[in-house]
Structures are given as C-alpha cells and as structure tokens.
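Novice: There's a structure below that I have some questions on.
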Amino acid sequence: MTYELFQSIYDRAALRHGGSTQLEQRLSRPLSTSQLSQHTDDRWLAAFTQKVFQSGINWQVVRNKWPGFETVFFEFDIEKMLLIHDEMWEEKAKDVRIIRNFGKVMTIRENALMINECQASHGSFSNFVAKWPNDDIIGLWAYLKKHGARLGGNTGPYTLRAMGKDTFMLTRDVEGYLRQHEIITTGRDTQSAWKAAQAAFNHWHKESGRSYTEISQCIALSIN
C-alpha cells in the first residue's frame, strides 16, 4: 500500500484553513500517559454516559441536562452505581432532571461493571486506557464495543478523544478520504477496515511524529 505523504495532507489542510499557524491553533493534542492516569474513573463513566445520550440527539440538549445527570447518578461514583437495585434504576430512568430513556440509562450500570472489572485488573480504568498502545487503538475500540454498552461505532472513540486518549476517528470526512485512496474498501466497522485504517495511521505517525489525534484532524481538515 502506497500512502500519500503526510506533509501533503498537512499542506492541503493549511491551505484550506488560513495557513499553518491557523491550522495548528485548530488542532487538539492528546494527554500524556501520566495525565490520562490522573482521571478518576467516575469521570470515565460520566463521559461514556454523555456520549451515549448524545447519540441521535442534539448534543447541546444533553449538555443542558447534564447537571441533573450528575445529581441523579451520584456523580457517577462507580461503587454507588453497582449498589443500585433494579427498581431504583427504573425510578431514576423516569427522573425529570435527566433525559428519560430507560435503555440508555441502563448503559450506566453496564459500563460501571466494565470499569469495575478493569479496576480489579489494572488498579483503575484510567490506567487501563492510558497504557493501551496507540498503535493498536482499534483493539481498545473493540474492547469497549464488546465489554461496554452502546460503545460501538464512533461512541467509544469519541469518548476516548474527549478524555484525551490519542486516537484517530473514522468520521465521515476521514472515512471518505480513506475510501478515496482505497485504504478501506469494506464497511466502516468491519475488522478489515479498522486494520487497514490502523496501518495507515501507524505509517503517518512514524513518518511525521504527529499524534494520531492530530493526523486524523489534519485529514478531515484537508478535505473540508
């Protein structure tokens, strides 16, 4: 597979967005391993929950309701989430302070269980994520999809990006670029597409020294 030079991608993005200085100001950077490890696990559960609820609904609506979520779910304390019994979950799903969607509310319990399991094996979920190798970020995507609730598609990756984990994103623009250059030729969420995308981003990472986050953003900005 022959990949376009990252410098060419970068130059095109800079040209479209007012030059390299302006482009650099638009790029977000991931956190370091030590910085990621400092997240408390309740913040991971909160972030997963927010992204799950934002799926299929205006994001600002969820943000406006978010203080209510924090109150109703005890600031997403993992231990407290695991102690809530079924009847209480049903009551919480009806609380007017949140967006009332029982199916999405129940992902909180399932994702709390996933986090708790990682705490047992890695000390904290933050440590688990922080130490996951970036050159196999699709493996972490797959883990979230398999062991979490409603964390497939872009929901899991969006949460990782929001929390500062270095990850590329298969957004519409990035997917379009990868298809145009015949890097991926199957469904976006297939293993073959993920592996092909990971290989391409690994190549550009080694070539440029840039984070996966920056590379992903540059590709998106190079075509819009």
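Novice: Taking the condition hydroxyl-bearing (Ser, Thr, Tyr) and under 17 Å from PRO157 (Cβ atoms), does SER8 pass? Let's see the steps before the verdict.
Specialist: Details: hydroxyl-bearing (Ser, Thr, Tyr): yes; under 17 Å from PRO157 (Cβ atoms): no.
No; evaluated as a whole, the condition is false for this residue.
Novice: I need a count of the residues in region 130-152 that are touching a residue at least 60 places away in the same chain (Cβ under 8 Å) and out of contact with any His (no Cβ under 8 Å at 6 or more places or on another chain). Step through it out loud before you land on a result.
Specialist: Keep residues of region 130-152 that are touching a residue at least 60 places away in the same chain (Cβ under 8 Å), which gives 130-131, 134-138, 148-151.
Going one step further and asking which of them are out of contact with any His (no Cβ under 8 Å at 6 or more places or on another chain), we end up with 130, 136-138, 148-151.
Result for region 130-152: 8.
Novice: Taking the condition small (Gly, Ala, Ser), open to solvent by less than 90 Å² (accessible area, probe 1.4 Å) and closer than 27 Å to LEU170 by Cβ, does ALA130 pass?
Specialist: Numbers: small (Gly, Ala, Ser): yes; open to solvent by less than 90 Å² (accessible area, probe 1.4 Å): yes; closer than 27 Å to LEU170 by Cβ: yes.
The answer is yes for ALA130.
Novice: Name every residue in region 78-102 that is open to solvent by 60 Å² or more (accessible area, probe 1.4 Å) and of a type in the set (Phe, Trp, Tyr), in order of residue number.
Specialist: Step one: list which residues in region 78-102 are open to solvent by 60 Å² or more (accessible area, probe 1.4 Å), which gives 79-80, 82-83, 85-88, 90-91, 94, 96-97, 100, 102.
Hit for region 78-102 is PHE102, nothing else.
Novice: Sticking with this structure for a sec: Determine which member of the set LEU36, LEU23, LEU45 is closer than 14 Å to ALA130 by Cα and of a type in the set (A, V, I, L, M). If you could, list the steps in order and put the result at the bottom.
Specialist: Values: LEU23 fails: closer than 14 Å to ALA130 by Cα; LEU45 fails: closer than 14 Å to ALA130 by Cα.
Testing whether each residue is closer than 14 Å to ALA130 by Cα and of a type in the set (A, V, I, L, M) leaves just LEU36.
Novice: Something else: Restricting attention to region 133-166, and to residues there that are among the small types (Gly, Ala, Ser) and on the phi > 0 side of the Ramachandran plot, which single residue is least open to solvent (accessible area, probe 1.4 Å)? Even if it seems obvious, please write down each step before you answer.
Specialist: Of the residues in region 133-166, the ones among the small types (Gly, Ala, Ser) are 139, 142, 148-149, 152-153, 156, 162, 164.
Still in the running and on the phi > 0 side of the Ramachandran plot: 153, 164.
Numbers: GLY153: 28, GLY164: 9 Å².
Applying the filter and picking the extreme gives GLY164.
Novice: Can I ask one more? Are any of the residues in region 54-67 among the small types (Gly, Ala, Ser) and not in a loop (DSSP other than H, G, I, E, B)? Steps first, answer last, please.
Specialist: Of the residues in region 54-67, the ones among the small types (Gly, Ala, Ser) are 55-56.
Next cut, not in a loop (DSSP other than H, G, I, E, B) only: none.
The answer is no, given that none of the residues of region 54-67 is among the small types (Gly, Ala, Ser) and not in a loop (DSSP other than H, G, I, E, B).
Novice: Do we have ALA46 as of a type in the set (A, V, I, L, M) and under 16 Å from the mean Cα position of the chain (by Cα) here? Steps first, answer last, please.
Specialist: Numbers: of a type in the set (A, V, I, L, M): yes; under 16 Å from the mean Cα position of the chain (by Cα): yes.
Criteria met by ALA46.
Novice: Still on this structure, please answer the following. Test each condition in (1) over 27 Å from CYS118 (Cβ atoms); (2) open to solvent by less than 50 Å² (accessible area, probe 1.4 Å); (3) not aliphatic (A, V, I, L, M) for PHE69 and report the one that comes out false.
Specialist: (1)
Novice: Which ones in region 75-107 are out of contact with any Phe, Trp or Tyr (no Cβ under 9 Å at 6 or more places or on another chain), hydrophobic (A, V, I, L, M, F, W, C) and part of a helix (DSSP H, G or I)?
Specialist: Across region 75-107, the qualifying residues are LEU82, LEU83, MET88.
Novice: Still on this model: More than 30 Å from HIS85 (Cβ to Cβ) and among the hydroxyl-bearing types (Ser, Thr, Tyr) - does that describe any residue in region 146-156? Steps first, answer last, please.
Specialist: Applying the first criterion (more than 30 Å from HIS85 (Cβ to Cβ)) to region 146-156 yields 153-154.
Going one step further and asking which of them are among the hydroxyl-bearing types (Ser, Thr, Tyr), we end up with none.
There is no residue in region 146-156 that is more than 30 Å from HIS85 (Cβ to Cβ) and among the hydroxyl-bearing types (Ser, Thr, Tyr).
Novice: Is there any pair with a first residue in region 30-57 that is charged (D, E, K, R) and a second that is outside any helix (DSSP H, G or I) whose Cβ atoms are under 6 Å apart and which are 6 or more apart or on different chains, and what are they?
Specialist: Hits for this filter: ASP41/SER124; ASP42/ASP77.
Novice: Next up: How many residues does region 194-216 hold that are within 17 Å of ASN154 (Cα to Cα) and open to solvent by 50 Å² or more (accessible area, probe 1.4 Å)?
Specialist: Residues meeting the conditions: 1.
Novice: Quick check: anything in region 174-187 within 21 Å of TRP59 (Cβ to Cβ) and surrounded by 14 or more Cβ atoms within 10 Å (Cβ to Cβ)? Talk me through it step by step, then tell me what you get.
Specialist: The first filter runs over region 174-187 and keeps only residues within 21 Å of TRP59 (Cβ to Cβ), leaving 174-175.
Narrowing the set further to residues that are surrounded by 14 or more Cβ atoms within 10 Å (Cβ to Cβ) leaves 174-175.
Looking through region 174-187, at least one residue is within 21 Å of TRP59 (Cβ to Cβ) and surrounded by 14 or more Cβ atoms within 10 Å (Cβ to Cβ).
Novice: I need the helices (runs of 4 or more DSSP H) fully contained in region 108-220, keeping only those with at least 2 residues that are hydroxyl-bearing (Ser, Thr, Tyr) and within 14 Å of the chain's Cα centre (by Cα).
Specialist: On the way: elements: 125-130, 137-147, 155-163, 172-180, 191-208.
So the answer is 155-163.
Novice: Then there's this: Restricted to region 33-48, and to residues that are in a loop (DSSP other than H, G, I, E, B) and polar (S, T, N, Q), which residue is farthest from TRP66 (Cα to Cα)? Give the derivation first.
Specialist: Applying the first criterion (in a loop (DSSP other than H, G, I, E, B)) to region 33-48 yields 38-40.
Filter once more, so that each one left must be polar (S, T, N, Q): 38, 40.
Numbers: GLN38: 22, THR40: 18 Å.
The qualifying residue farthest from TRP66 (Cα to Cα) is GLN38.
Novice: Shifting gears a bit: Please determine, by comparing only the residues of region 9-32 that are assigned to a helix (DSSP H, G or I) and among the basic types (Lys, Arg), which one is least open to solvent (accessible area, probe 1.4 Å). Give the derivation first.
Specialist: Quick first cut of region 9-32, residues assigned to a helix (DSSP H, G or I) only: 9-16, 20-26.
Going one step further and asking which of them are among the basic types (Lys, Arg), we end up with 12, 16, 26.
Working: ARG12: 72, ARG16: 131, ARG26: 136 Å².
It comes out as ARG12.
The values are calculated or read from the model by the stated rules, or taken from the named source; none is laboratory data. This is a predicted model, so every value here is computed, not measured. Here Cβ is always computed from backbone atoms with ideal geometry, including for glycine, and neighbour counts include all displayed protein chains. Ligands, DNA and RNA are stripped out before the accessible areas are found, and what is left, the full protein with its side chains, is counted by its heavy atoms. Shrake-Rupley method; radii C 1.70, N 1.55, O 1.52, S 1.80 Å.
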